[in-house]
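Just so it is clear, none of the values below were taken in a lab; they were calculated from the coordinates. Since the structure is predicted, the reported quantities are computational estimates derived from the model, not experimental observations. Cβ coordinates were reconstructed from backbone atoms using ideal geometry, including for glycine residues, and neighbour counts include every protein chain displayed.
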Amino acid sequence: MLELLIPANAIDAIGSFINAGGPVVVALLISTFLMWVLISERALYFAFWHRGIVGKANSSWGQRDERSSWEAYAYRERLISQVRIENQRNLNVIRALILITPLLGLLGTVTGMLEVFQVIVDTGASNARLMASGISRATIPTMTGLAVALTGVLAINYLERKHTQSIARLSQGLKVEAGMGHGSHRRLTGSSLEAGEVNITPLLDIVFILLIFFIVTATFLDEIGIGLSSPEDDPPEELQRPPPTLILSVRNDGFVLIDDVRLVDPRSVTPIVEAFRAENPNGVVLISAARDARVETTVLVLDQTRVAGVEPAVALQERR
């Protein structure tokens, strides 16, 4: 925060704020500057110049000898009205600026929403990064307008309280003597000021901000159907047949039976497997060892099969 006291940093911060909020923020800053110039002028008036005006009214009333007639009462009301006019100078303009700032915030919300919708039209998706600029233009003016309006309400209430107290003290100071036959005098002029307030109608832009958040968080998904296969799409029968199998049965006498047809030596299994794999690339080699087959023979057949580049399936018959 202390870095903002440096003029260069303050200018950069204001520029970034304006870029994020859009042109509506410029109008808000101008309205804020004008409003606080008028508020400062009124504060200085009540601090310094107001006493002189009230003193002049008291002096004019004190110089009058006759204070009980209707003319005296009218003259008193004129003095009070003159002070009231001076007190109320520019207060209506300040009230108007207080009401304008939330409306400008609403305008910024609408322009930001339009930018968000344009992003959706251009990209066809709710990308939060692409929408960030539009969301900033929708929220920053609203925040600025509300902040300015709240500070303005506090200031206008202070000025109105000073005005009310001033008129009350002046009315007590300008005393009227009861005249014979006139009865009670009714008040000729004067009306109380309206209390400063923030128009809550522009606050409905919160609904628009929520709408933007719903758009950002929404996800647009393509519907995925259930895949169905028609009878024409079924694979041919040849693809559904089991792959050819080469069965190597290890016997208890140390020989290997190939497909239950011929006996071979375990050391000659490699060329047989290579020839089978050449004819049937998708074929399966199965080693079936008898219950009483020697382990050394089974391991030798397994090694011979792996030398041929095939990882066989091994089935061992359980010993009883």
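Things worth noting here:
- Summed side-chain charge close to Leu263 - residues other than Leu263 whose Cβ falls under 12 Å, Lys, Arg +1, Asp, Glu -1: -2
- Qualifying GluC sites (Glu not before Pro) for segment 61-94 [loop in DSSP, other Cβ within 10 Å: at most 11]: Glu66
- Nearest-0.05 FRET efficiency for Phe17 and Arg306, computed from C-beta distance (R0 51 Å): 0.10
- Spacing of the two label points (7 Å from each Cα toward its C-beta) at Trp49 and Ser171, in nm: 2.5
- Computed extension length for Val26-Asp292: 86.0 nm, one decimal, from 0.36 nm per residue of separation with the Cα-Cα distance subtracted.
- Net length available on complete extension from Glu66 to Asn92 is 5.7 nm, with 0.36 nm assigned per residue and the Cα-Cα distance removed.
- Surrounding net charge for Arg42, when Lys and Arg each add one and Asp and Glu each subtract one, Cβ distance under 11 Å: -1
- Placed amide H near Ser288: partners under 5 Å, 5+ positions off or other chain: Leu248, Ser249, Val250, Ala315
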